[in-house]
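The block underneath contains the structure these notes are about, expressed in structure tokens.
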Amino acid sequence: METVFECLMLSAFIIAMCVLIYRFAKNKSTNIKAERTVAWTMAVGFAIGVVKELIFPPVRWVLMLYAISAILAYTAAAFSYPYHSVAENNEEET
């Protein structure tokens, strides 16, 4: 029963990470520093969850949910930084 609730928790976090990635991609974030901190914190937490599942593997597919969550959290954290193209950087230098 514990595994079922862990899977439900991870599914909710996966949905939350998808919403956060969408907000970063569409530039709808109002408090970017707080959301960036949340994304990095969740990425570290999910990475620790992956390690826990590798050491104590009750069910292997829970490991996959942790891995997907960690990847999505890292993606959200990466999207939180502004994008600068090479052309923009060259214009700033001159």
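Quick notes
- The angle between the Cα long axis of helix 2-25 and the main principal axis of the chain comes to about 10°, on a 0 to 90 degree scale.
- Of Trp61, Trp40, the residue with the largest accessible area leads and the full order is Trp61, Trp40 (1.4 Å probe).
- Tilt relative to the chain, helix 32-55 - C-alpha long axis, 0 to 90 degrees, to 10: 30
- Rolling a 1.4 Å probe over the protein heavy atoms gives the chain an accessible area of 69 Å² per residue.
- To put it simply, the accessible area of the chain at a 1.4 Å probe is 69 percent carbon and sulfur.
- Lysines with Cα under 29 Å of Lys52, excluding same-chain neighbours fewer than 8 positions away: Lys33
- Only helices enter this figure: runs of n ≥ 4 DSSP H residues, each worth -39500 (n - 2.57), summed and divided by the residues of the chain, yield -27500 deg cm²/dmol at 222 nm to the nearest 500.
- Reported label for calculated Rg and Dmax of the Cα atoms in Å given [x] 40.0, 136; [y] 16.5, 62; [z] 14.2, 46: [y]
- Against the chain, whose longest principal axis is taken from its Cα atoms, helix 60-79 shows a tilt of about 10°.
- GNM result for the chain, Cα springs below 10 Å: residue of Ala76, Ala12, Ala39 fluctuating most strongly: Ala12
- Of the trypsin sites (Lys or Arg not before Pro) found in segment 8-66, those in coil by DSSP whose Cβ has at most 13 other Cβ atoms within 10 Å are Lys26, Lys28.
- Mean Cα-pair separation over length for the chain, i.e. relative contact order, pairs under 8 Å, 6 or more apart, %: 39
The values are calculated or read from the model by the stated rules, or taken from the named source; none is laboratory data. Computed from a predicted model, the values in this text were never measured in an experiment. Cβ sites come from the backbone with ideal geometry, for glycine too, and all protein chains shown count toward neighbours. For accessibility, only protein heavy atoms count, side chains too; no ligands or nucleic acids. Shrake-Rupley method; radii C 1.70, N 1.55, O 1.52, S 1.80 Å.
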